[in-house]
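Notes follow once the structure below has been shown.
Only the coordinates and a few stated rules stand behind these numbers; no lab work does. Note that the structure is predicted; figures quoted are calculated from it, not measured. All Cβ positions, glycine included, derive from the backbone under ideal geometry; neighbour counts span all protein chains shown.
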Amino acid sequence: MNAPTIRPAGAEAADLLAALHAEAFRPADRWGAQAIGLLLGLPGHFALLAESGGAPAGFAMGRVAAGEAEVLTLAVRPARRREGTGRALMRALMAEAARRGAEALFLEVAEGNAAARMLYAGLGATEAGRRRRYYPDGSDALVLRAALTPPAAGPGA
């Protein structure tokens, strides 16, 4: 499978991003287009859309403030999982956050989500804390942290 193409997505893509989110998450965890559009209108918030074979495969949304970044959501269509889309989106999100001045990235992951935990560990994220009963089903979230590498200075920088 070829690596997905990743591009920025703004509030104008909120309907598409909400459809992807609905496909990737349980009903209690889904985000609607209005919420996504509002988030993307806030300072420091951004989204990246992955396309594979010309079709949307997933997206990631993050925010950067005061030298820190947070992953707000990572959604990959079930039919596109285990193809590297999540890893590609996370790498792109980490690079964009570093480009925007973040030195560390934080995220929450369900303690029982072994696949996501393996993905994040492979990207250098380590446990920094726990949020008890964080999710609607009462499960705990692990708070993970990853150091970000500043972008390399280009010629003439």
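A few notes on this one:
- In the set (i) 15.4; (ii) 9.0; (iii) 9.9, the label that goes with mean projected area of the Cα convex hull in nm² computed for this structure is (iii).
- Highest-MSF residue in the chain out of ALA88, ALA121, ALA50 [GNM, Cα springs under 10 Å]: ALA121
- Taking other C-beta atoms within 10 Å as the exposure proxy, LEU72, LEU107 rank LEU72, LEU107 from fewest upward.
- Residues ASP137, ASP29 arranged by fewest to most Cβ contacts within 10 Å: ASP137, ASP29
- Relative contact order (%) - criterion: Cα under 8 Å, at least six apart; region: the chain: 19 percent
- You can think of it this way: the chain between ALA11 and ARG87 has 25.0 nm of extra reach, that is 0.36 nm per residue less the Cα-Cα gap.
- Comparing ARG87, ARG133, ARG117 in a Gaussian network model of the chain where C-alpha atoms under 10 Å apart are linked, the largest mean-square fluctuation is found at ARG133.
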